[in-house]
Each structure stands twice: as structure tokens, then as C-alpha cells.
Amino acid sequence: MRIAVLKYEDAVPTCVTGPADIWGGMSRLYPVLTGVPMEMPIEVDFVTPTGEATGKYDLVIIPAMRFEKIEQVMAREQKMITWLQDQYAQGAELASICVGAFLLASTGLLTGKKATTNWLFADLFRKHFPYIILEDDKVIVDQGRLYSCGGAFSFTSFMIYLIEKHCGHEMAIAASKILMINVHEQPQSTFSIFKFQHEHSDEVITKAQLYMEKNYKQALTLDDLAGRSNMSVRNFIRRFEQATTNTPFEYLQRVRVEAAKKILETKKDGVEQVAARCGYEDVDYFRKIFSRYVAMTPKAYQKKYGRK
């Protein structure tokens, strides 16, 4: 099996060497663990496409780039994008890591298909590629011969996933044990930070957002919020969703959940106290809303990310 790991200017070094180390390490250590050689030898190359032929690969891994260089890399690496298209046409599978999805998407091969990228750059991805179904809550998205993963350092479990796809379940388990890599079970929403959506031109809605962000502990109603904006409830909901992509109710819940996350990370308050401090009278409802947006219970989140 021939694997190419792209090496290009502004690529994140760990996302270049890390995947190669995983595949290479598995290949070298498998006989030590099992006492038998691998049935399918693995060859890993670092490739810098220049438009010239470099042979045919079975799997091409597209590392993440420095996030501040996304636009420049997409504009500069046209030969690499063409090379990826050619490799895919010859039967290769393509796998992007984190914002490497911008390069994979630039090939046009994801049109009408699903993908993921780092949650922090989801809006930018949708702006560039509206014809791709972005599932930014997913850590790994599999579209047959096209794969993407959400975070730069989620490439570890991503490689185990690809090992299972290409080499079988037993090989993936062996690699996981050899390299001590856990497979991701949690969605990106567990790790994401809600970005208050102020990048729009509707000043009335911006004022409503700021009011909600300041007064989230209070019992806010749609009638109150719409009245403050001098709109009917129906028109307020329409304008709010058009500007932020969230309904007012969803936005308020996400503001409250983000506040709850910060309390759970920094204080040892009980779940009941956190719920009350974030505007929830019903602690069970708070648990339900928190779990919906974070994919973990408040208690589990506090245990994982809170101060010890």
C-alpha cells in the first residue's frame, strides 16, 4: 500500500510527520507484536507535488495548514490541487486533516458531498464552499474515497480509522494498542466554543444579541425581546435567524451553555448552582440543554475540564 503525505509550504509540521509516524510505526512494530509480517507492506512518502508525475498512490493524506494562511495556500497550491484530482481519478483515496479540508474542497470532488473541518473555521468553509454539506459537529466524515477530520490533533484517531478501513479491524486494534491511541468517541461540539455571531450588518439584531448576552440570567421572553427591537415576534424571529443562523431561543440557550461551561471549568459549584447562575430554574432541563449542545452532561464536563 502506497501512502503519500503532502508536504507543502505552511503545512502544520505535526500533521505532516505525525500521520507518517503512525503508519510507519505500525508497519515496523506489527511483526514485533504478532510474530508475523504484515500481509500488505506499507510505503509512506512525503510528497511535494510540482505538476510532474510522482507515481500512483492508494491513499493521499492532506495535512492542515497554518490557519492564518488558508487563503494564501488555496490560491498558491493550484498544481497540488490538480495533482490531487489526478490521483483521485487514478483510484487514490484522499483524506484531509483539520483545515486541510479547504484544499480537499478546492478539488471540486466534494461537491454535493459531506465534509468536516475544525469548528473554528466552519463559517469560512461555508463561505468558500456553499455546495458542500459541512458537518462541523463531526470529528470524522467518511464519503467513500474522500475523508475529512475536524481537528489538527485528531489525526491520531483519524489514522486509526483509516487503518481499519484499509487494513481491517484487527490491524486497527493492534495499531491502537501499539501506539496507545484512543479512538474519538465525542463529537466536535464537546470541544467547540460558541462564537457570538456578530458578523452581520443588522444593527437592531446586534443590540438584541448584546442584551441577551448581558442578561442571560434573567427570564427573557420573545415578547420582551421583540418589543425592545420594535418588531412583532414573527418579524423578530425571522430577522434574528437571518442574521445569526440561530433562532432567538437557540441563541439564548447557547449563550447560557457557554456561560455554564466557563463556570464548570473554573469553579467547583454543583450542577444545581450552575444551572441557577445561568438562568435555569429546572436543573433537569439544564442538563438536557447542556447535553444537546456539548454532547456531555454538565457533571462529566466538569470532571473532564474543571479544576482539580
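The values are calculated or read from the model by the stated rules, or taken from the named source; none is laboratory data. Predicted, not measured: the structure shown is a model, and the values here were computed from it. Note that we place each Cβ from the backbone using ideal geometry, even for glycine, and neighbour counts take in every protein chain shown.
Of note:
- Leading residue by the ranking (surrounded by the fewest Cβ atoms within 10 Å (Cβ to Cβ)) among those in the range 85-102 that are aliphatic (A, V, I, L, M) and closer than 21 Å to residue 161 by Cα: 92
- Every residue from the range 250-291 that is among the basic types (Lys, Arg), free of Cβ contacts under 8 Å to residues at least 24 places away in the same chain, more than 15 Å from residue 217 (Cβ to Cβ) and out of contact with any helix residue (DSSP H, G or I) (no Cβ under 7 Å at 6 or more places or on another chain): 288
- Across the range 125-146, the number of residues qualifying as assigned to a helix (DSSP H, G or I) and surrounded by fewer than 20 Cβ atoms within 10 Å (Cβ to Cβ) comes to 3.
- Each residue in the range 147-171 was checked for being free of Cβ contacts under 8 Å to residues at least 60 places away in the same chain, within 16 Å of the chain's Cα centre (by Cα) and assigned to a helix (DSSP H, G or I), and 3 of them qualify.
- The single residue among 122, 101 that is in contact (Cβ under 8 Å) with a residue 12 or more places away in the chain, within 20 Å of residue 156 (Cβ to Cβ) and part of a helix (DSSP H, G or I) turns out to be 101.
- All helices (runs of 4 or more DSSP H) inside the range 222-304 with 1 or more residues being in contact with a His (Cβ under 6 Å, 6 or more places away or on another chain) and within 30 Å of residue 138 (Cβ to Cβ): 233-244
- Some residue of the range 59-79 being part of a loop (DSSP other than H, G, I, E, B) and touching a Gly at 6+ places or on another chain (Cβ under 9 Å): yes
- Of note, residue 236 satisfies the criterion of being over 28 Å from residue 117 (Cα atoms) and either aromatic (Phe, Trp, Tyr) or assigned by TED's automatic domain parsing to the domain that holds residue 137 (or both).
- Residue 79 vs. criteria under 25 Å from residue 163 (Cβ atoms) and at pLDDT below 95: no
- Condition check for residue 82: surrounded by 13 or more Cβ atoms within 10 Å (Cβ to Cβ) and without any contact (Cβ under 8 Å) to a residue 40 or more places away in the chain: yes
- Number of positions in the range 257-290 that are of a type in the set (S, T, N, Q) and either touching a strand residue (DSSP E or B) at 6+ places or on another chain (Cβ under 9 Å) or at pLDDT below 90 (or both): 1
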